[in-house]
Amino acid sequence: MFKLESNLHFTMEATTKSTSSIIIPSKEPVYLDGPKSRSYEFGFAWRVFWQFIKGFRNLHFIGPCITVFGSARFKEDHPYYIKAREFGKQIAESGLTTMTGGGPGIMEAANRGAFENNGKSIGCNIQLPFEQKANPYVHKSVTFEHFFVRKVLLAKYSYAFIIMPGGFGTMDELFEILTLVQTKSVTNFPIVLFGKEYYQPLMENIEWMAQQGTISKEDMSLVLITDSIDEAMQHISNYISTNYKVRPRKRYWWLFEKR
């Protein structure tokens, strides 16, 4: 009896403590909360399907993209923001579309660089428990409810990926792309890690993983780590010009696709 009361007291105290220290309000748990009714599961599957259709409809004609990932927390006077803005400019000058997660920070900077230099600028935003508005430097913005849908769309239309310094979300996107390359789900898609000092500890850990045999050194053959925007763009340009051709997409009036 004493043990039960003690555990109950501890649980209540921990719950109260954790509730009072919440920084970001949690989203209502839906698809990670175990089985629901069949009608609920069908409705959830339909909503996910509809998000994909919305993404396909909006992004089908945007042209080949370079996706830029990075932290949403950098302000416009931060050196990485300035570099991301220059990346957007150079992507525009190369005739490709700049795609980001559509939010602030690095995403805004890359979109801004493209937007200000007459390039195409696209944002794939996400609904969050706290407010995140689309940045004002996108020609088209699509907002998704679920991260996994958003990640598919950010990868689907891109010929290369630029990974600027960032946090958990950026690391999630980086390792998602690396896994796709490792499993040959995508091939010959160049990946740039920008910021040698920032990414050096991560690269050392990845090299240690290769030494332990958990990954192959070849898995990192398409990855360039650099502090040079020109080197990064040349790395991307070499792979794109060698491996890919842009095929124009027809628009069908009966699908209500405007010219």
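The values are calculated or read from the model by the stated rules, or taken from the named source; none is laboratory data. Here the structure is a predicted model, which is why all the values come from computation and not from measurement. Note: ideal-geometry Cβ built from the backbone for every residue, glycine included; neighbour counts use all protein chains shown.
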Among the residues that make up the stretch 233-246, is at least one of them touching a Gly at 6+ places or on another chain (Cβ under 8 Å) and surrounded by fewer than 19 Cβ atoms within 10 Å (Cβ to Cβ)? yes
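Going through the stretch 53-76 one residue at a time, which ones are touching a Ser or Thr at 6+ places or on another chain (Cβ under 7 Å) and in a loop (DSSP other than H, G, I, E, B)? Spell out the reasoning first.
Going residue by residue through the stretch 53-76, those that are touching a Ser or Thr at 6+ places or on another chain (Cβ under 7 Å) are 62-71.
Once the filter is applied, which keeps residues that are touching a Ser or Thr at 6+ places or on another chain (Cβ under 7 Å) and in a loop (DSSP other than H, G, I, E, B), the stretch 53-76 yields Ile62, Gly63, Pro64, Gly70, Ser71.
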Criterion: surrounded by fewer than 22 Cβ atoms within 10 Å (Cβ to Cβ), modelled with pLDDT of 95 or more, among the hydrophobic types (A, V, I, L, M, F, W, C) and at negative phi - qualifying residue of Ile91, Ile82, Ile122, Ile106: Ile82
Arg57 is checked against (1) more than 12 Å from Glu108 (Cα to Cα); (2) surrounded by 14 or more Cβ atoms within 10 Å (Cβ to Cβ) and fails just one. What number does that condition carry? (2)
Got at least one residue in the stretch 185-193 being without any contact (Cβ under 8 Å) to a residue 24 or more places away in the chain and among the aromatic types (Phe, Trp, Tyr)? no
Does at least one position in the stretch 221-232 carry a residue that is at pLDDT 90 or above, in a helix (DSSP H, G or I) and not charged (D, E, K, R)? yes
Scanning for something assigned to a loop (DSSP other than H, G, I, E, B), among the polar types (S, T, N, Q) and more than 22 Å from Ser71 (Cβ to Cβ), does the stretch 234-252 turn up at least one residue? no
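Applying the selection to the stretch 94-132, what residues are over 22 Å from Phe52 (Cα atoms) and assigned to a helix (DSSP H, G or I)? Don't jump to the end; show me each part of the working.
First pass over the stretch 94-132, keeping only residues over 22 Å from Phe52 (Cα atoms): 94-96, 104-106, 108-119, 130-131.
Listed by number, the residues that qualify are Ile106, Glu108, Ala109, Ala110, Asn111, Arg112, Gly113, Ala114, Phe115.
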Leu174 vs (1) outside any helix (DSSP H, G or I); (2) under 20 Å from Ile229 (Cα atoms): all pass except (1)
Of the residues Thr98, Thr67, which single one is touching a residue at least 40 places away in the same chain (Cβ under 8 Å), under 21 Å from Ser237 (Cβ atoms), among the hydroxyl-bearing types (Ser, Thr, Tyr) and surrounded by 15 or more Cβ atoms within 10 Å (Cβ to Cβ)? Thr67
Any residue in the stretch 146-162 that is surrounded by 14 or more Cβ atoms within 10 Å (Cβ to Cβ), on the phi > 0 side of the Ramachandran plot and outside any helix (DSSP H, G or I)? no
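Residue check: is Asn135 of a type in the set (S, T, N, Q), surrounded by 22 or more Cβ atoms within 10 Å (Cβ to Cβ), without any contact (Cβ under 8 Å) to a residue 40 or more places away in the chain and in a loop (DSSP other than H, G, I, E, B)?
Values: of a type in the set (S, T, N, Q): yes; surrounded by 22 or more Cβ atoms within 10 Å (Cβ to Cβ): yes; without any contact (Cβ under 8 Å) to a residue 40 or more places away in the chain: yes; in a loop (DSSP other than H, G, I, E, B): yes.
The answer is yes for Asn135.
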Can you find, within the stretch 188-203, the residue that is surrounded by the most Cβ atoms within 10 Å (Cβ to Cβ) among those that are assigned to a helix (DSSP H, G or I) and either of a type in the set (S, T, N, Q) or out of contact with any Pro (no Cβ under 6 Å at 6 or more places or on another chain) (or both)? Tyr199
